[in-house]
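The values are calculated or read from the model by the stated rules, or taken from the named source; none is laboratory data. Everything quoted here is computed from the prediction, not taken from an experiment. Counting neighbours? That spans all protein chains shown, and the Cβs are built from the backbone with ideal geometry, glycine included. Ligands, DNA and RNA are excluded from the accessible area calculation, which covers all protein heavy atoms including side chains. Shrake-Rupley method; radii C 1.70, N 1.55, O 1.52, S 1.80 Å.
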Amino acid sequence: MSVEAPLLASRAVAEPLIVPVAKRREPRPVLGYAMVMTAATLWAVNGTVSKVILTTGLSSLRLAEVRSTGAFLLLALALAATRPETLRIGRRELPYFILFGVGGLALVQWFYFLAIHRLQIGIALLIQYIAPVLVALWARYVLHEPVRRRIWLALALALTGLAFVVEIWNGLSLNAAGVAASLGAAGSYALYILLAEHRVGDRDPISLVCLGFLFASILWAVLRPWWTFPGHVVGEDVSLHGHLSSVHLPVWSLMAWMVLLGTIVPFGLLVGALRHISATRAGIVAMLEPVAGAFVAWVWLGESLGGAQLVGAAIVLASIFLAQSAR
């Protein structure tokens, strides 16, 4: 997948920025939906990649530290070489980026890693994806924006479909800490989407995500200084498990995938999509992630994929089309 009312005030009274204002374009909803779907698919693959890395004994907090810091460094280098002016932060922007980076980007990753370490990935994601409901409630009752009945129906359908995907009726024994972490991820994810939507009209998505990861990286560096990092783990080989158990890759290669294709690209896509579709719609479309995650687990890890899960996937896809059809 975050104090809030002032940050989410009307853009009409937002303070001037030091950096050049991003050029506004006409919204292209189809492009926005495609961007979110691609991001959800990449995150789905990243869930399995991250779970493989966690089998090395690396803690959830350390993995979040690697992910945030790696993403920040790569994005900062790219921007410094092409558009260095976008790396400047105005004095009035500082509180926003601290909240966006720490409350949104940092905590959503940490809570997610904690959750999948204690729960099945599908269950963790099912709980995390109450976030779009939180976004819709915020839009309706705090920002007083109209949310059509069709959107509420799409949310209900999506959650029903996710319940089918994870076969929630099969007598789950849930870890309390895992459930708490998933709920924390839901709150952080909702906060991240709302804050990103607020600012994406004034900053380009790349600099927005980059500066958010800067403060996430600072938080992890304070909590877990880099000189205490277990560096030997990075060079070790690890089995990919499941159908790929005979394949062994160095941990650093999986971390590179996690940073580039599991973090930079999907976060950038989601933030960029908010120029074309609302936060509520983006949250609904992102519910594709657990569905894609089930297919990835089936192909990669050999986990079962039954008729009920296929029905659930169809329901989630139907909810996405329903949300898209609402004005």
- Item | Where a residue in the stretch 33-45 is more than 19 Å from Val299 (Cα to Cα) and its partner, wherever it lies, is of a type in the set (Lys, Arg) and open to solvent by less than 40 Å² (accessible area, probe 1.4 Å), with Cβ under 9 Å and at least six apart | Tyr33/Arg281; Val36/Arg281
- Unique residue being under 22 Å from His241 (Cα atoms), surrounded by 22 or more Cβ atoms within 10 Å (Cβ to Cβ) and aliphatic (A, V, I, L, M) when the list is Ala44, Ala71: Ala44
- Unique match (being of a type in the set (S, T, N, Q), under 23 Å from the mean Cα position of the chain (by Cα), within 23 Å of Gln109 (Cβ to Cβ) and at pLDDT 90 or above) among Thr69, Thr48, Thr55: Thr69
- Selected residue (only one of Ala115, Ala124, Ala156, Ala131 is over 21 Å from Thr41 (Cα atoms) and either under 22 Å from the mean Cα position of the chain (by Cα) or buried (at least 20 other Cβ atoms within 10 Å of the Cβ) (or both)): Ala156
- Query: Of the residues in the stretch 266-310, how many are at pLDDT 80 or above, β-branched (Val, Ile, Thr) and within 23 Å of Ala186 (Cβ to Cβ)?
  - Reply: 4
- Task: State whether one or more residues within the stretch 7-14 are modelled with pLDDT under 85, open to solvent by 20 Å² or more (accessible area, probe 1.4 Å) and under 22 Å from Ala216 (Cα atoms).
- Result: yes
- Task: May I ask you to list the residues in the stretch 161-178 that are surrounded by 14 or more Cβ atoms within 10 Å (Cβ to Cβ) and modelled with pLDDT of 80 or more?
- Result: Gly178
- Got a sec? Which of Ala186, Ala196 is open to solvent by less than 50 Å² (accessible area, probe 1.4 Å), part of a helix (DSSP H, G or I) and farther than 25 Å from Leu119 by Cα? Ala196
